[in-house]
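The values are calculated or read from the model by the stated rules, or taken from the named source; none is laboratory data. Just so it is clear, the model here is predicted, and its values are computed rather than measured. Here the Cβ is made from the backbone with ideal geometry for all residues, glycine too, and neighbour counts use every protein chain on show. The accessibility values were calculated without ligands, DNA or RNA, using every heavy atom of the protein model including side chains. Shrake-Rupley method; radii C 1.70, N 1.55, O 1.52, S 1.80 Å.
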Amino acid sequence: MEDLKVFFKKGELIPAIIQDHRTKEVLMLAYMNEESLKKTMATGYTWFYSRSRKELWNKGATSGHTQRVLKIDYDCDEDTLLIYVDQNGGACHTGSRSCFYRTLQENENVPDTNPILSLSKVVEHRKTNPEEGSYTCYLFEKGLDKILKKVGEECAETIIAAKNGIKTELTGEIADLIYHLTVMMSECGLSVTDVMDELEIRSHKIGNLKKMKVVDKNT
């Protein structure tokens, strides 16, 4: 769409919802005028209009927490933008990954749409709210050595299942391994998002070949 004025029929500003393109997590909401939208589209990074300072601002220009734009959608009334970004660091000025880090109300019976993130949330909940009879709580109680032992066992069982060539068996073992890895990450202070961020960084590398030290010509 070349004519951007269609988005500013109701006013000079349009709300822009910023969403992580991988996790689908809503990171923040800001406002754009026509000029900041043009700069966003031209540079590939988000630009907004500050209603308090009355000026344009480039997200991450001072903090380094930039937002690389992958896609811009707009709603049926053409008065709201949904921008999918590759977020570098925290989106919130507080340092939090998302500006929406506080919860007013939550129904714990509704699972996250991303099963890995949902699992991570359940594990974190068990860690901070121990429940009697919970296997996850048992692992946290026993500590890192026990958790690492289980991760090792699940790795071995996954390898055996792969060799057996039975998909249902392998699927179950991989699920067990991912669960125990998630518990391990939590115990070590890592999150699923941390790992996803690292994978995202690696996905942009061109080539990942290591030079071999030539011991002899037959190596």
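Restricting to helices (runs of 4 or more DSSP H) lying wholly in the range 113-219: which have 2 or more residues that are at pLDDT 90 or above and closer than 25 Å to Gln87 by Cα?
In the range 113-219, the matching helices (runs of 4 or more DSSP H) lie at 115-128, 167-187.
Every test in (1) on the phi > 0 side of the Ramachandran plot; (2) in contact with a Lys or Arg (Cβ under 9 Å, 6 or more places away or on another chain) is passed by Phe140 save one, and that test is (1).
Could we say that Glu35 is touching a residue at least 24 places away in the same chain (Cβ under 8 Å), surrounded by fewer than 22 Cβ atoms within 10 Å (Cβ to Cβ) and acidic (Asp, Glu) here? The answer is no for Glu35. Is it the case that some residue within the range 71-78 is of a type in the set (Asp, Glu), within 19 Å of Val195 (Cα to Cα) and open to solvent by less than 60 Å² (accessible area, probe 1.4 Å)? Within the range 71-78, none of the residues are of a type in the set (Asp, Glu), within 19 Å of Val195 (Cα to Cα) and open to solvent by less than 60 Å² (accessible area, probe 1.4 Å).
Take Arg68 and tell me if it is modelled with pLDDT under 95 and open to solvent by less than 80 Å² (accessible area, probe 1.4 Å). First the steps, then the outcome.
Numbers: modelled with pLDDT under 95: no; open to solvent by less than 80 Å² (accessible area, probe 1.4 Å): yes.
So Arg68 fails the test.
Residues in the range 7-46 that are assigned to a strand (DSSP E or B) and in contact with an Asp or Glu (Cβ under 9 Å, 6 or more places away or on another chain): Ile14, Pro15, Gln19, Asp20, Val26, Leu27.
Tell me, which residue of the range 47-104 that is part of a loop (DSSP other than H, G, I, E, B) and among the β-branched types (Val, Ile, Thr) is farthest from Leu37 (Cα to Cα)? Please lay out each step first, then the result.
Taking the range 47-104 and keeping what is part of a loop (DSSP other than H, G, I, E, B), we get 51-54, 59-66, 75-80, 88-104.
Right, trim to among the β-branched types (Val, Ile, Thr) and you get 62, 66, 80, 94, 103.
Numbers: Thr62: 20, Thr66: 16, Thr80: 12, Thr94: 25, Thr103: 30 Å.
Here the residue is Thr103.
For the condition touching an Asp or Glu at 6+ places or on another chain (Cβ under 8 Å), open to solvent by 50 Å² or more (accessible area, probe 1.4 Å) and free of Cβ contacts under 8 Å to residues at least 40 places away in the same chain, what is the one hit in Lys121, Lys142, Lys167, Lys146? The match here is Lys121. Listed by first and then second residue, the pairs linking a residue in the range 172-183 that is within 12 Å of Thr136 (Cα to Cα) to a residue that is aliphatic (A, V, I, L, M) and open to solvent by 30 Å² or more (accessible area, probe 1.4 Å), with Cβ atoms under 8 Å apart and 6 or more places separating them unless they lie on different chains, are Tyr179/Leu119; Thr182/Ile116; Thr182/Leu119. Would you be able to say whether some residue in the range 75-95 is hydroxyl-bearing (Ser, Thr, Tyr) and within 30 Å of Ile178 (Cβ to Cβ)? Yes, there is a match, as at least one residue in the range 75-95 is hydroxyl-bearing (Ser, Thr, Tyr) and within 30 Å of Ile178 (Cβ to Cβ).
Checking Glu78, Glu106 one by one, the residue that is on the phi > 0 side of the Ramachandran plot and not polar (S, T, N, Q) is Glu78 and no other.
Among residues belonging to the range 125-139 that are without any contact (Cβ under 8 Å) to a residue 12 or more places away in the chain and not polar (S, T, N, Q), point out the one that is surrounded by the most Cβ atoms within 10 Å (Cβ to Cβ). Residue satisfying both the conditions and the ranking: Cys137.
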